[in-house]
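Structure first, commentary second.
The values are calculated or read from the model by the stated rules, or taken from the named source; none is laboratory data. None of the values given here were measured: they were computed from a predicted structure. Here the Cβ is made from the backbone with ideal geometry for all residues, glycine too, and neighbour counts use every protein chain on show.
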C-alpha cells in the first residue's frame, strides 16, 4: 500500500514536471515567440489632398517628379511633398506650446513606445461637438480598471475619426483662414483634466481622434500648455481607436525626426 | 533501500518541479514584462538642411511659421517643410521601381515590424567605396549563424553612416544635378545577391547605411528592381547599425503614410 502511494505520488510529480517542462521549453529552449506576437492595428490616416489640417495651416501637397518607364528600361516613380508639421495624423512636440521644451527629434523613444490604455467618451462626444473630456471620465475608467499605470500612453476615443475627412462633421467647418477658427467645433480634453493628469498620474504620452487635444472652441490652448510643459507629447487625428481594447495593448508612435521640429507627421500603430 | 531510492527520486522530482514553477510564474502568473522589454536604439538620421539627398532630388527645407509668445500669453511654434520622398532616412516603397507594386501606404505592417538580422561588410566596404555586397557575404553569415530566418528584416552594415552628413565621404561628391550622378561612389547590394535573396530566402524588408540599395555607380538599379518587384521594401540612409548585434533583435520601421507615395521619411528603431 505504502509503495502504491509512493508510485502514485511519483507519477503525479512526473506529470506535473512534464507540464512545467513544456512551459520551460517555450521560454528558454525555443525562445519567446518572435516580435510582434499580437495583431498590429494602424492608427494612422493616410496623407493626401483630403488630409485635415488646421484651418490656417498649409495643407498636404504631393508633386509628381517621375512616373513611368525610363530610357534605361526600368520603371521609376518619385514625388516631392510640402506640408505643415501639424496636420493629418501628427504629433505635437512639447516645444509646440512650451518654450525650451523638447523638439520632436528630442522626444525620448520611451515616451513613444509602450503600454497603453483607452478611455471612451464617444457616447457623450458624438452628441456634443464641444464636449470636454473631464476628470470624471478618467476616474470612471479607474473605478472599473484600476489606477492608470505609470508610464501609460493614454488614448481618448471620441468617435470623431469616423467623420474624417469630412471637414464639416470633423472640424465643424470647411472654411479656411483666420475667420474660420471661431467656427471650429470638435471635442477635446478639458484644461482641468489635463492638470489632473500631470499632477496626479505619470503618463508618457496622450492621443486622440480629433484635430487637437484642446477642443475646437479653445482660445488659450490650456490643455496643450499643461501637457507639453511637462514634456508629455500629444498625438492628434489618430484613427481606428474603436478596434482597440480599453487596456492591455501597446502603442508604437514614431514621428518624422525633424531637427528642431515642433511636431510632424506621425505613424502610429497598436499591438494587441 | 528501495524506499530510500524512492525518497531520493521524489526529492529530485520536487526540486525539479520547483525550478520549473519559477519559470511558469514568470510567464503565466506575473505576465510578460511590459513592452518594450529591451533597449531601444534609434536607427534614424534627423532631417535638416544637412540631410543627404540624391544629387538630383529636392532637399529638405524647414520654414518657420511661428516662434514666440502670442498676444494671448502662451508660447507657440510651428513650421512647414518641403522634401523629396527619397532623402535622409527613408523607405523605398515597391512602386519606386516596380509598376503596379505596393505604394508606401500599402506596405503591410508585418513587413515593417519584426525580427531582424545584421550582416557586417564594413571591413571590405570602407576600403572600397564601390563595394558590392555579394552572395558570399550572405552565405558566410549563414555558415556561422544558420539560415536567415523566414520573415527577417535584413540590415546591411557598410560603416558609411559614420561619414553622414559629409557628402564627399558619404556620396563620393558634394556636387549636385544630373552631371553629379556619374560621380557617386558608395557601397550597395550586388544585383546577384538581390536575386539570390528573392529566389532563395524569404525576407520581409532590407535596409542599409548608404544612400541607396544599389551602389553609387549603378546605372540600371537592378537590385532595386529585383527586390521591389517582389514587394520587399528597402530602408536607406539608416544609422547606428554598429550598436546592434548580428541577430536576436527586432526592428520597427514606420514610414510616413503618404497615399500613393513611392516612399517617404522613415522612423526606424531597433529593440534589443
Inset, instruction - Only residues that are closer than 9 Å to residue A:95 by Cβ and either touching a helix residue (DSSP H, G or I) at 6+ places or on another chain (Cβ under 6 Å) or outside any loop (DSSP other than H, G, I, E, B) (or both): list them for the range A:251-265, please. - result: A:261, A:262, A:263
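Looking at residue B:220, is it in contact with a helix residue (DSSP H, G or I) (Cβ under 9 Å, 6 or more places away or on another chain), without any contact (Cβ under 8 Å) to a residue 60 or more places away in the chain and either assigned to a loop (DSSP other than H, G, I, E, B) or closer than 18 Å to residue B:131 by Cα (or both)?
Criteria met by residue B:220.
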Inset, instruction - Tell me which residues, restricted to the range B:215-246, are crowded, with 24+ Cβ neighbours inside 10 Å, within 11 Å of chain A (Cβ to nearest Cβ) and under 16 Å from the mean Cα position of the chain (by Cα). - result: B:224, B:228
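Rundown of residues vs (1) surrounded by fewer than 21 Cβ atoms within 10 Å (Cβ to Cβ); (2) more than 9 Å from chain B (Cβ to nearest Cβ); (3) closer than 30 Å to residue A:220 by Cα; (4) under 19 Å from the mean Cα position of the chain (by Cα), yes/no style:
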position	(1), (2), (3), (4)
A:42	yes, no, no, yes
A:59	yes, yes, yes, no
A:91	no, yes, yes, yes
A:114	no, no, no, yes
A:128	yes, yes, yes, no
Inset, instruction - Within the range B:186-211, count every residue that is farther than 24 Å from residue B:44 by Cβ and either modelled with pLDDT under 95 or assigned to a loop (DSSP other than H, G, I, E, B) (or both). - result: 3
Inset, instruction - Among the residues of the range B:53-93, write down those that are assigned to a loop (DSSP other than H, G, I, E, B) and closer than 22 Å to residue B:252 by Cα. - result: B:85, B:86, B:88, B:89, B:93
Inset, instruction - Considering only the range A:144-185, state which residues are in a loop (DSSP other than H, G, I, E, B), farther than 22 Å from residue A:220 by Cβ and under 22 Å from the mean Cα position of the chain (by Cα). - result: A:146, A:147, A:148, A:149, A:150, A:151, A:159, A:164, A:165, A:166
